[in-house]
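**Student:** Quick one: structure below, then a few questions.
No lab work stands behind these numbers, since they all come straight from the coordinates. What you see is a predicted model, and the numbers here were worked out from it, not measured in a lab. As a convention, Cβ positions derive from the backbone with ideal geometry for all residues, glycine included, and neighbour counts pool all protein chains shown.
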Amino acid sequence: MNRAFSPETVCAQGAPVRAGDDSALVPPIVYSATFAARDAAEFAAMASQSRHSRYYTRYGNPLHEQVAAQLVALEGGDADSHDALVTASGMGAISLVLLGLLKAGDHVVAQTNHYMGSAKHFAELLPRFGVRCTLVDQTDLDAWRRAIVPGTRLVVTETPVNPTCALTDLAGVAALARAQDALTVCDNTFASPINQQPLGHGVDLVVHSATKYLGGHHDITAGAVVGSRALIDALWQTQICLGATLSPMDAWLLLRGLRTLALRVRQHNASALALARWLEQQPKIERVFHPGLESHPQHALARTQMTGYGGVMNIVVRGGYDAASRFVHALTLPRQAVSLGGVESLVVHAAAMWAGTMNDEQMRVAGIAPNAVRLSVGVEGTQDLQADLAQALTTV
């Protein structure tokens, strides 16, 4: 797909790779674990080619190839020099990057606050394998500068971060990493490529939980990694060992979700910003964190590296933990469920959800207030959501 096309066209038209019969408007699901060669020479070529789409589905599948080409275009990559891998989950994607690039003795710099699965890597898993991890306040560029030193192999960012919506200066951090010959990876799940393209800010690898905005319908679990072809080829060698393969059916559902990604994200952006502006005027709300709000402490940074601000916000309810709990339970349209980025609005009491993996002090350091609520705004009517939020606030 020509990267000069708009995101809407890239989403609707896909990429020029087609699985099977080119006359099929929608690529068919290629549900085969293995593929036959016509002769010994072809079999040898299939076996030796990285990510061959018709050799063995753990190595690649025609639908994986289709998704990869579309993600490269959406992330602003060059079709000649960039590629992508799809995985069975978002954690499969971040785990692939960490385990594929790091070895004992390496040094990683990451954020104090990450998605809880990623945070577990830095706190527990990587140190078990002899990888040193330094965590910094993502909002402090000087902290990144002090932490990224000669010998740092990988710098891991996530922006906006889950669940506080704090931001990382992608261009600034990428430049610091590049000066020390370190690679930079950005978890772009919260923004989606419609709102943010980290490759354009100097980031080497972009990861997604495609379960969220990319899939968009709360019906798949998937992940993705986008970067230079050289890095993707290197990571593929690890992927076929880990075996976190995306099923053909989920790859097909991901393609279906990508067709409407731009349309959905525009609606998420508009509704969330309108609701965030309304909520921060309500007397029972202490604070609202959303990158599109002028009151967000990093709004100026958001304007420089984002083209839209996403559908997730962090709402701090007056009255403490119990008030936040009452507010969440009183909502009728947003469902209480983990995940985000789908057509239905979802809500969680952040402190209650994170309590299973973090103690009170860890949540304090990460900025997760006991009365914080994470709201992922779907594509329902904005006025309907506002009315529901208003009635829920009467219980606080």
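**Student:** If the elastic network links every pair of Cα atoms under 10 Å, which of LEU293, LEU258, LEU375 fluctuates the most in the Gaussian network model of the chain?
**Tutor:** LEU293
**Student:** If you take every DSSP beta bridge fully contained in the chain, what fraction is antiparallel? Give it as a percent rounded to 5.
**Tutor:** Roughly 60 percent of the beta bridges in the chain run antiparallel, per DSSP.
**Student:** Can I ask one more? How much net charge surrounds VAL379 when only the other residues with a Cβ under 13 Å from the Cβ of VAL379 are counted, with Lys and Arg +1 and Asp and Glu -1?
**Tutor:** Numbers: positive: ARG264, ARG266; negative: GLU344, GLU380, ASP384.
Residues close to VAL379 contribute a combined charge of -1.
**Student:** I've got another one for you. With Cβ to Cβ distances under 13 Å as the rule, what net charge do the other residues near VAL203 carry (K, R +1; D, E -1)? Walk me through the intermediate numbers first.
**Tutor:** Numbers: positive: ARG178; negative: GLU75, GLU158, ASP169, ASP187, ASP204.
Once all neighbours under 13 Å are counted, the net charge is -4.
**Student:** Can you tally the net charge around THR152? Count Lys and Arg as +1, Asp and Glu as -1, for every other residue whose Cβ sits under 15 Å from the Cβ of THR152. Don't skip to the end; give the middle numbers.
**Tutor:** On the way: positive: LYS103, ARG132, ARG145, ARG146, ARG153, ARG178; negative: ASP106, ASP181, ASP204.
Result for the local shell: +3.
**Student:** Take the alpha-carbon centre of the stretch 307-348, take the same for the stretch 220-278, and report the distance between them in whole Å.
**Tutor:** Answer, in whole Å: 22.
**Student:** With each run of n ≥ 4 DSSP H residues scored as -39500 (n - 2.57), what mean residue ellipticity at 222 nm is computed for the chain after dividing by its residue count and rounding to the nearest 500 deg cm²/dmol?
**Tutor:** Details: 16 runs with 154 residues, N = 396.
Using -39500 (n - 2.57) per qualifying helix, the result is -11500 deg cm²/dmol.
**Student:** Also, quick follow-up: How big is the dipole moment of the stretch 7-259 about its Cα centre under a simple scheme where the beta carbon of each Lys and Arg is +1, that of each Asp and Glu is -1, and everything else is neutral? Debye, nearest 20, please. Before the final figure, lay out the partial values.
**Tutor:** Numbers: 17 positive and 23 negative charges, 102 e Å.
That gives a dipole near 480 debye.
**Student:** Between rounded, prolate and oblate, where does the stretch 49-94 land on the alpha carbon gyration tensor, with a ≥ b ≥ c its root eigenvalues, rounded for a/c under 1.5, else prolate if a/b exceeds b/c? Don't skip to the end; give the middle numbers.
**Tutor:** Working: a/c = 2.07, a/b = 1.20, b/c = 1.72.
Oblate, since a/c reaches 1.5 and b/c is not below a/b.
**Student:** Give me the angle, in degrees from 0 to 90, between the Cα long axis of helix 62-74 and the longest principal axis of the Cα atoms of the chain, rounded to the nearest 10.
**Tutor:** Between helix and principal axis, roughly 50 degrees.
**Student:** Please give the residues of the stretch 251-272, grouped as numeric ranges, whose backbone N is less than 20 Å from a label point set 7 Å along the Cα-to-Cβ vector of GLU294.
**Tutor:** Of the residues in the stretch 251-272, 270-272 have backbone N under 20 Å from the label point off GLU294.
**Student:** With springs only between Cα atoms under 10 Å apart, run a GNM on the chain and tell me which of VAL149, VAL161, VAL185 wobbles the most.
**Tutor:** VAL149
**Student:** So for the stretch 194-305, taking the charge dipole from beta-carbon charges (+1 Lys/Arg, -1 Asp/Glu), which of PRO283, LEU255, ALA234 sits furthest toward the positive end?
**Tutor:** Highest projection toward the positive end goes to PRO283.
**Student:** So, one more: Please give, to one decimal in nm, the separation of the simple spin-label points placed at ARG38 and ASP384, each 7 Å out from Cα toward the Cβ.
**Tutor:** Reported label-point gap for ARG38 and ASP384 is 5.4 nm.
**Student:** Moving to a separate point now. Just to be sure I follow the definition: excluding the sites themselves, where is the longest run in the chain that has none of the chymotrypsin sites (Phe, Trp or Tyr not before Pro) in a DSSP loop with at most 14 other Cβ atoms within 10 Å?
**Tutor:** On the way: sites that count: PHE5, TYR31, PHE129.
With chymotrypsin sites (Phe, Trp or Tyr not before Pro) excluded where exposed in loops, the chain gives 130-396 as its longest stretch.
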